[in-house]
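Engineer: Handing you a structure now.
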Amino acid sequence: MIHRFFGGVHPRGHKEATEALAVAPLPQPPEQVILAMSQHVGPPCAPTVAVGDSVTVGQVVGEPAGLGAPIHASVSGKVVAVEPRPHAGGSPVMSVVIENDGQNTPADPIFRPAQPEKLTTEQVIDIVRAAGITGMGGAGFPTHAKLSSALGKADTVILNGAECEPYLTADHRLMLEQPKKVIEGGRVLMRALGLEKLVIGVEANKLNAVDALKAEAPADVEVRPLRVRYPQGAEKQLIQNITGRQVPPGGLPANVGCAVFNVSTAAAVYDAVFDGKPLTHRIVTVTGKGVVHPANFLVPIGTPMEFLVEAAGGLKGNPGRVLCGGPMMGIAQYDLAAPIIKGNNGLLVMSTREYSPTPKGVLTCIHCGRCVSACPMHLVPLTFNQRFSAGHFDQLEGLRILDCIECGSCAYSCPAHIPLVQVIRAGKNEVRKLQTAAKAATEKAEAEAKAAEEAAKTEPEASPADVPAEPAKEEEATAK
């Protein structure tokens, strides 16, 4: 049965530059890697090494505090700095800088079971946590936490092989070249959740990947081609397309019985469970008309972006824009010294012809409704722009701005070229500020009320000496 999600757009794919190029190691290893302590949803990791320490490939260099995943060295060598460095997200974050000794000396395996197919759910979750695996499609949510939250709720496991973002081909090449890893890693996740069926969704513009997966798929794995449509790879839209279920506003996939993992995440689970390897490398597509030789590289996490550009032959003239990710959801980079993190699947260097800056001046909404028709989340982006421009930040949460997945379909459709995604991101920040302020005010009021209650309980009772005596009542005369 065919299920289709609402909205979406059909941008040109621009994948021809790298879709036929096999994944290759870097021509030269990076001289240094910069391991950002913030590579996942949740608070940053705390560095566990100091300047001067020697480290090996796979050694833990950052431990999470609360929700998160550990970070491992991707090269062997010496720690030369523990300090804030540029980050793909835009703000400097604490980082561990390792000078590569070129030896790739491995650390001990995190775990190597004799019979991986017989691991218990708890053992799989522990291995995935120890391996530092997070969502590698860009979300960065710790995989062990997603597994734990889906236990007893999910009846369907989906692997996301849509890769609908233009230009990017990292997942495509992984499915073509290592289909067994993808499938067996997915089956580990399936068994950990106590389920018997795995569905892999792949867009129909990657039929050679569909064929490669089907050739390796056992009876409990279904490989399903999907009609090409952006944002097919968004978690909620993929669920609706495959199962017909709609995740409610503010809800999670587990609310409708689904658990979704990226195909690269599944391959990382395979490496951890079958080979005892933590997450230290990932495939990155370096592409765009702004680089000389586009490529798909297997990259040590922490490799500076400028090193990847040089590995792809260097810049071709002055680039119009460099994005970490694709053109729809990628983040513009201000400093190519920023490193690759676990969720980075592409580096797009756009020429001035590929990238046209937003026209200057006031951009007027003509209320054409194209952004509304394109929004896969049933939102009304033009109202976000109106309320934000007017400073009515308190109205944005009620308009469900936090449900926006920032896919960029609205901005892509806008004939006035209004930067709607940037407006929405700024609006979300204002909403979160208001939420934080409201929470702080509530907590303060509760604390004051509790303090007053405690003070009333501890106030000393009045002693008998402090109680004024009643005046003696005169006896009534009995004689008349």
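Engineer: Carbon-plus-sulfur fraction of the accessible area of the chain, 1.4 Å probe, in percent?
Structural biologist: 53 percent
Engineer: Give, as a single signed number, the net charge of other residues whose beta carbon lies under 15 Å from the beta carbon of residue 40, with Lys and Arg counted +1 and Asp and Glu -1.
Structural biologist: +3
Engineer: Taking the square root of 5 times each eigenvalue of the Cα gyration tensor, what semi-axes in Å does the equivalent ellipsoid of the stretch 24-87 have, largest first?
Structural biologist: Sorted largest first and rounded, they come to 20, 14, 11 Å.
Engineer: Separate question: Expressed in nm to one decimal, what extension gain is obtained for the pair residue 335 and residue 65 from 0.36 nm per residue of sequence separation less their Cα-Cα distance?
Structural biologist: 94.4 nm
Engineer: On a 1.4 Å probe surface of the protein chains, which of 397, 177, 122 comes out largest in accessible area, and what is the full order?
Structural biologist: Largest accessible area first, the residues go 122, 397, 177.
Engineer: Just want the answer: with Cβ charges of +1 for Lys and Arg and -1 for Asp and Glu, which residue in 73, 283, 254 is farthest toward the dipole's positive end in the chain?
Structural biologist: Farthest towards the positive pole: 283.
Engineer: Still on this structure: Compute the length gained on full extension between residue 208 and residue 121: take 0.36 nm times their separation in residues and subtract their Cα-Cα distance, giving the result in nm to one decimal.
Structural biologist: Roughly 28.0 nm would be gained on extension.
Engineer: Sum up the charges of everything whose Cβ sits under 14 Å from the Cβ of residue 245, counting Lys and Arg as +1 and Asp and Glu as -1, but leave residue 245 out.
Structural biologist: +1
Engineer: Rounded to the nearest whole Å², what accessible area per residue is found for the chain with the 1.4 Å probe?
Structural biologist: Dividing the accessible area of the chain by its residue count gives 48 Å².
Engineer: Relative contact order, percent, of the chain when contacts are C-alpha pairs under 8 Å separated by at least 6 residues?
Structural biologist: Over the chain, the number comes to 17 percent.
Engineer: To continue, here is another question. Once both labels are modelled 7 Å past Cα along the beta-carbon direction, what's the residue 180-residue 318 spacing in nm?
Structural biologist: 5.1 nm
Engineer: On a 0 to 90 degree scale, rounded to 10, what angle separates helix 263-275 from the longest Cα axis of the chain?
Structural biologist: Helix 263-275 sits at roughly 90 degrees to that axis.
Engineer: Just to compare against my own numbers: the Cα pair-distance distribution for the stretch 34-138, 10 Å bins, whole % per bin, please.
Structural biologist: Bin by bin from 0 Å, the calculated values are 15, 41, 32, 10, 1.
Engineer: How high is the relative contact order of the stretch 201-284, in percent, with contacts defined as C-alpha pairs under 8 Å that are six or more residues apart?
Structural biologist: 18 percent
Engineer: For the chain, find the longest principal axis of its Cα atoms and tell me its angle to the long axis of helix 121-130, 0 to 90°, nearest 10.
Structural biologist: The two axes meet at around 80 degrees.
Engineer: In terms of the Cα gyration tensor, with a ≥ b ≥ c the square roots of its eigenvalues, is the stretch 100-198 rounded because a/c is under 1.5, prolate because a/b exceeds b/c, or oblate?
Structural biologist: oblate
Engineer: With every protein chain in place, what's the accessible area of residue 91 (1.4 Å probe, Å², nearest 10)?
Structural biologist: Ignoring ligands and nucleic acids, residue 91 comes out at about 80 Å².
Engineer: Cβ neighbours within 10 Å, averaged per peptide: list 442-455, 331-344 in order, most packed at the top.
Structural biologist: By packing density, highest mean first, the sequence is 331-344, 442-455.
Engineer: Hey, another quick one. Mean projection of the alpha-carbon convex hull of the stretch 173-253 over all orientations, in nm²?
Structural biologist: Result: a mean projected hull area of 5.8 nm².
Engineer: Follow-up. Using R₀ = 60 Å, calculate the FRET efficiency as 1/(1 + (r/R₀)^6) where r is the Cβ-Cβ separation of residue 417 and residue 455; round to 0.05.
Structural biologist: 0.50
Engineer: If you don't mind, there's one more thing I want to ask. Can you work out the Karplus-derived ³J(HN,Hα) for every residue in the stretch 285-301? Use 6.51 cos²θ - 1.76 cosθ + 1.60 with θ = phi - 60°, whole Hz, and x for glycine or proline.
Structural biologist: 8, 10, 8, x, 6, x, 10, 6, 10, x, 7, 10, 10, 8, 10, x, 4
Engineer: Shifting gears a bit: Pull up the cross-link candidates among the lysines for residue 78, meaning alpha carbon to alpha carbon under 21 Å and not fewer than 8 places away within one chain.
Structural biologist: Counting by Cα, and skipping residues close in sequence, residue 78 has these lysines nearby: 277.
Engineer: Continuing with the same structure: For the chain, what are Rg and Dmax over the alpha carbons, in angstrom?
Structural biologist: 28.0, 128
Engineer: Sticking with this one: Any idea what angle helix 179-192 forms with the longest principal axis of the chain, computed on alpha-carbon atoms, 0 to 90 degrees, nearest 10?
Structural biologist: Tilt of helix 179-192: around 20 degrees.
Engineer: Using 7 Å Cα-to-Cβ label points, what is the residue 293/residue 275 separation (nm, one decimal)?
Structural biologist: 2.5 nm
Engineer: Something else: Test of understanding: what is the full-extension gain from residue 386 to residue 439, defined as 0.36 nm times their sequence separation minus their Cα-Cα distance?
Structural biologist: Result for the pair: 16.4 nm of gain on full extension.
The values are calculated or read from the model by the stated rules, or taken from the named source; none is laboratory data. Remember, it's a predicted structure, so these values are computed and weren't measured experimentally. Cβ atoms come from the backbone with ideal geometry, glycine included; neighbour counts cover every protein chain shown. Side chains included, ligands, DNA and RNA excluded: accessible areas come from the protein's heavy atoms. Shrake-Rupley method; radii C 1.70, N 1.55, O 1.52, S 1.80 Å.
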